[in-house]
Amino acid sequence: MRMPKIRKAKRWMLIFSAMLLSSILLAACGGNSPSILDTHGPVAGKEAGLFWFILAVATFVFVVVEGVLITSIVRFRERPNAPAPRQLHGNNTIEIIWTIAPSLFLFAVLIGTIYTMFNLTSISGQGRTEEITVVGHQWWWEFDYKNEGIVTADELVVPQGALIHTVLESNNVIHSFWVPQITGKTDVVPGHMNDKLFKADDIGVYRGLCTEYCGLQHAHMSFDLIVKSPNDYLTWVSQQQQAAQKPTSGAALAGYKLFTGSGGCQGCHGIVGVNLKSFSDPVANGLIGPNLTHFGSRRLIAGAVLSWDPASCQVTTDAKGNATITNQANCGLYQWLHDPQGVKPGNDMNIRSLSDTEIAQLVAYLESLT
Ligand code: CUA
């Protein structure tokens with residue numbers, strides 16, 4: 001009677017183990033999970049090189065140790081009528097060997113690690129070095145371009161091939177800045193400035209993450225590192241340096257009025273040309289939300305918890321002048337303005353509830369901020 005029960009339990013154990021193993025093996029197979037081995041810059045390249053070096057040392061040790069172990073198990077296995085094996089105690093030679101050998105391997109790993117650490121900053125780039133201050137907020141990233149005088153959020157745009165020197169700051173808790181395909185992790189510590197030098201070799205979009213637990217929405221504190229060609233980067237900079245244009249009519253104008261009026265948005269968000277005279281306006285220091293001057297040119301919202309695209313947030317206005325978003329379900333910006341606490345509980349966006357018409361007007365205004 002008991003056998004089938006045990007067999008059943010065994011089968012479930014097997015199924016459970018297979019599921020566990022496959023979830024571990026497939027954990028990094030998502031389309032948007034960057035790999036530290038798929039490198040697109042010299043810093044990540046050197047770090048990946050160190051990984052392969054340590055893996056090679058570890059593999060060598062594994063093969064030798066397991067080889068000796070398996071050989072011993074097979075060769076010295078118990079046979080019928082075999083005599084008791086020779087007893088060995090306190091063999092000095094063997095003990096010295098197995099003390100020194102692991103030390104040598106660990107020393108090799110130590111040398112490789114120290115060499116890579118000091119070698120990470122010996123990289124060269126084209127043109128001038130970009131100076132960017134990265135500020136970790138709870139829970140989104142701000143990027144201040146010192147030379148260009150612009151401030152943005154959620155998207156760190158850099159020119160291909162240039163050295164990027166980032167200063168990492170936090171005015172709240174400890175975060176950690178990481179772009180797996182471009183550069184390793186560096187802590188962002190309040191009251192202590194860390195800095196970081198890197199370079200991106202290839203044009204593209206690379207996911208960046210916060211990799212130090214920093215509160216409720218730590219997992220939703222991402223950004224995109226967008227690498228543009230040097231010419232496209234200059235175009236982007238000159239566009240970002242412009243003040244925002246005030247809309248002249250329609251839903252966008254109504255959205256502008258909401259932003260500056262009953263919506264209460266400008267109490268937290270700055271827009272150059274609206275409530276800020278420039279990106280370095282001291283008024284900005286009192287604002288807790290991202291600078292939205294060119295929000296319409298960005299595609300990520302609130303630490304990349306949502307993305308949005310004007311094509312999926314089309315605003316239509318009926319004969320009475322009521323604005324609506326045609327496809328609310330596909331519009332990330334609608335979801336965010338409709339229920340920011342539902343999307344990202346605990347974030348600082350505590351707004352009054354907005355009607356669908358008001359949201360459509362704000363979306364039309366924000367879209368116009370290209
Ligand atoms: Cu910021 Cu985790």
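Assorted remarks:
- Screening Leu292 against (1) open to solvent by less than 40 Å² (accessible area, probe 1.4 Å); (2) out of contact with any strand residue (DSSP E or B) (no Cβ under 6 Å at 6 or more places or on another chain); (3) of a type outside the set (Gly, Ala, Ser); (4) not in a loop (DSSP other than H, G, I, E, B) leaves a single unmet condition, (4).
- Total residues in the range 295-349, condition out of contact with any strand residue (DSSP E or B) (no Cβ under 9 Å at 6 or more places or on another chain), assigned to a loop (DSSP other than H, G, I, E, B) and within 22 Å of Gln239 (Cα to Cα): 1
- Single residue of His192, His165, His89 found to be surrounded by fewer than 21 Cβ atoms within 10 Å (Cβ to Cβ) and closer than 26 Å to Ser35 by Cα: His165
- Flag for Phe223 being closer than 14 Å to Ile132 by Cβ, open to solvent by less than 10 Å² (accessible area, probe 1.4 Å), within 16 Å of the ligand (Cβ to nearest atom) and not small (Gly, Ala, Ser): yes
- Search result, residues across the range 107-146 that are under 18 Å from the mean Cα position of the chain (by Cα) and either open to solvent by 70 Å² or more (accessible area, probe 1.4 Å) or farther than 21 Å from Ala200 by Cβ (or both): His137, Gln138, Trp139, Trp140
- Note on the range 182-220: residues that are closer than 25 Å to Ser122 by Cα, of a type outside the set (Lys, Arg) and away from the ligand (no atom under 12 Å from the Cβ) amount to 17.
- Tabulated pairs, the range 179-207, first touching a residue at least 12 places away in the same chain (Cβ under 8 Å), second open to solvent by 60 Å² or more (accessible area, probe 1.4 Å) and of a type in the set (Ser, Thr, Tyr), C-beta under 8 angstrom, 6+ apart or interchain: Leu197/Thr121
The values are calculated or read from the model by the stated rules, or taken from the named source; none is laboratory data. Bear in mind that the values here come from a model prediction, so they are computed numbers and not experimental data. Because the Cβ atoms are built from the backbone with ideal geometry, glycine has one as well, and the counts that use them run over all protein chains shown. Calculation scope for accessible area: heavy atoms of the full protein, side chains included, ligands and nucleic acids excluded. Shrake-Rupley method; radii C 1.70, N 1.55, O 1.52, S 1.80 Å.
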